[in-house]
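Computed from the coordinates by the stated procedures, all read-outs in this text should not be read as laboratory data. These figures come from a predicted structure and were not determined experimentally. Cβ placement follows ideal geometry from the backbone for every residue including glycine, while neighbour counts extend to all protein chains displayed.
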């Protein structure tokens with residue numbers, strides 16, 4: 001079947017989204033196996049509308065700010081953010097650590113809201129940040145009630161990417177961890193994504209299903225395992241339950 005220009009355009013957008021450092025015209029042509037003239041025409045249709053940006057020095061193309069604008073509009077229209085914001089502020093005020101709200105979309109855990117602690121631990125996460133779910137507490141919460149086949153489909157036989165020194169790297173070990181998360185009602189990331197960082201997360205439910213994860217993230221020095229089990233675990237679970245009680249999906 002012959003691909004339309006729209007099909008090709010969407011493939012270019014998808015590829016640029018996966019390569020935030022930018023790609024040259026030749027790289028795009030090679031990776032997609034389309035003529036450079038075709039790629040060039042599509043890119044120069046996007047450029048004036050800010051869907052694509054071109055670095056004048058490297059001459060590489062990347063996604064433009066229009067997608068950020070659209071993404072923000074989408075996120076602003078997600079009721080969960082409006083409902084959860086008060087709880088996020090309360091959680092942040094009580095724990096004095098960074099708090100996140102995350103969803104599972106397109107096999108990735110995506111952060112849809114965040115409150116940082118000024119002067120505290122600096123994390124590379126941001127609203128819209130996406131990563132593999134197996135190494136993050138919020139990601140493990142979101143995976144915890146999926147079937148083994150659904151989880152296998154997410155990774156498609158690929159190895160589990162190593163992020164921190166304690167990242168789970170085998171599917172069998174991941175399934176064991178998710179059973180533990182499912183039984184206890186929360187997940188812990190103990191230097192699994194970032195070395196020197198811990199996280200505890202709890203599920204937010206709508207219609208009985210886990211739809212969002214609420215998490216607390218901080219340094220191993222302020223988030224000791226004793227503090228997680230003695231204070232933070234109960235705190236994040238309670239706030240997640242409060243948000244769940246207000247959702248009417």
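Between residue 53 and residue 82, how many nm apart are label points set 7 Å from Cα along the C-beta direction?
Between residue 53 and residue 82, the simple spin-label model gives 3.0 nm.
Per DSSP helix of 4 or more residues, -39500 (n - 2.57); summed, then divided by the residues of the chain. What does that give at 222 nm, rounded to the nearest 500?
Calculated at 222 nm, the ellipticity per residue is -13000 deg cm²/dmol.
Indicate the gyration tensor shape class of region 1-112 (rounded, prolate or oblate), computed on the Cα atoms with a ≥ b ≥ c the square roots of the eigenvalues: a/c under 1.5 is rounded; otherwise a/b larger than b/c is prolate and the rest oblate.
Prolate, since a/c reaches 1.5 and a/b exceeds b/c.
What number results when the radius of gyration of the chain, computed over Cα atoms, is divided by 2.2 N^0.38 Å?
1.12
With N residues in region 5-68, what two-decimal value do you get for its Cα radius of gyration over 2.2 N^0.38 Å?
Compared with the compact-globule rule of thumb, region 5-68 sits at 0.97.
Roughly how compact is region 153-244, stated as its Cα Rg over 2.2 N^0.38 Å to two decimals?
1.13
For region 97-155 and region 9-26, write down the distance between their C-alpha centroids in whole Å.
One Cα centre to the other: 23 Å.
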